[in-house]
Ligand code: NI
Ligand code: MN
């Protein structure tokens, strides 16, 4: 798979022939001003929760590309009312799509949509095909529920975890989360975008290295092939 970082918590993941996009928040993000939103391809847009810093560009990208939205029932219904296609899920459920299997897993956070509509409960996604498996945690605290992932899903090749603290777990807790999910290679997200979540990159990497884990801080616009 090829993972591209579009800043904050937004990632494109090419899995087989399909292009997955997570939590698009690009046009309002000053750190992603060099990314051309109109260039981003997507077959499916996965939305972890309803906050503006995760949904800002969903509608424009979905309308241009024809991508459908995968999220919880409330968020998918909200986007369907805007004319988008969607596939609703809820916690603990998985579904076999043509690109692979998606499981919607717990996250400890909040979820309300930009107009105040109910955004359901926040989640994360574990996604796999016959060859590879990854976890996109969404905004979350460290939670014991993460320890169910290795019991219920294939072995993770990589995980995308928030590390910015204040609104989500910080890097110290994220390093513990890497242990719970039994994954040695972590890509960081949800850091540096706003003042509350600016972090010391070297200290973050050391927290992971001290536990035998690798923390990858991808520059915005860069890709990693796994
Ligand atoms: Ni949030
Ligand atoms: Mn957020």
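Please determine, by comparing only the residues of the range 109-143 that are within 11 Å of ligand 1 (Cβ to nearest atom) and under 23 Å from residue 179 (Cα atoms), which one is surrounded by the most Cβ atoms within 10 Å (Cβ to Cβ). Even if it seems obvious, please write down each step before you answer.
First, the residues of the range 109-143 that are within 11 Å of ligand 1 (Cβ to nearest atom): 109-112, 119, 122, 138-140.
From what is left, the residues that are under 23 Å from residue 179 (Cα atoms) are 109, 122, 138-140.
Working: 109: 22, 122: 25, 138: 31, 139: 26, 140: 26.
Per the stated criteria, the residue is 138.
Inside the range 59-77, can you point out the residues that are within 16 Å of ligand 1 (Cβ to nearest atom) and surrounded by fewer than 23 Cβ atoms within 10 Å (Cβ to Cβ)? Break it down into steps so the answer makes sense when it comes.
Applying the first criterion (within 16 Å of ligand 1 (Cβ to nearest atom)) to the range 59-77 yields 71-72, 74-75.
The one that is within 16 Å of ligand 1 (Cβ to nearest atom) and surrounded by fewer than 23 Cβ atoms within 10 Å (Cβ to Cβ): 74.
Condition (residue is closer than 30 Å to residue 36 by Cβ and surrounded by fewer than 21 Cβ atoms within 10 Å (Cβ to Cβ)) applied to the range 172-184: is it met by at least one residue?
No - not one qualifying residue is present in the range 172-184.
Within the range 136-149, is even one residue in contact (Cβ under 8 Å) with a residue 12 or more places away in the chain and at positive phi?
Within the range 136-149 (the criterion being in contact (Cβ under 8 Å) with a residue 12 or more places away in the chain and at positive phi), the answer is yes, since at least one residue qualifies.
If the requirement is being crowded, with 23+ Cβ neighbours inside 10 Å, assigned to a strand (DSSP E or B) and away from ligand 2 (no atom under 16 Å from the Cβ), which of these qualifies: 188, 159?
Numbers: 188 fails: away from ligand 2 (no atom under 16 Å from the Cβ).
Going through 188, 159 in turn, just one is crowded, with 23+ Cβ neighbours inside 10 Å, assigned to a strand (DSSP E or B) and away from ligand 2 (no atom under 16 Å from the Cβ): 159.
For residues in the range 8-25 being assigned to a loop (DSSP other than H, G, I, E, B) and within 16 Å of ligand 1 (Cβ to nearest atom), which is surrounded by the fewest Cβ atoms within 10 Å (Cβ to Cβ)?
Applying the filter and picking the extreme gives 25.
Enumerate the pairs (first residue in the range 97-108 and at positive phi; second residue anywhere and surrounded by 19 or more Cβ atoms within 10 Å (Cβ to Cβ)) with beta-carbon separation below 9 Å, excluding pairs fewer than 6 apart on the same chain, so at least 6 apart or on different chains.
100/15; 100/20; 100/127; 100/128; 100/133
Can you tell me which residues in the range 39-58 are more than 16 Å from ligand 1 (Cβ to nearest atom), over 22 Å from residue 96 (Cβ atoms) and touching a helix residue (DSSP H, G or I) at 6+ places or on another chain (Cβ under 7 Å)?
Kept after step one, since they are more than 16 Å from ligand 1 (Cβ to nearest atom), are these residues of the range 39-58: 39-45.
Retained after the next criterion (residues that are over 22 Å from residue 96 (Cβ atoms)): 39-41.
Selection gives 40, 41.
Only the coordinates and a few stated rules stand behind these numbers; no lab work does. Small disclaimer: the values here were computed from a predicted structure and weren't measured. Quick reminder, even Gly has a Cβ in these numbers, built from the backbone with ideal geometry, and neighbours come from all protein chains shown.
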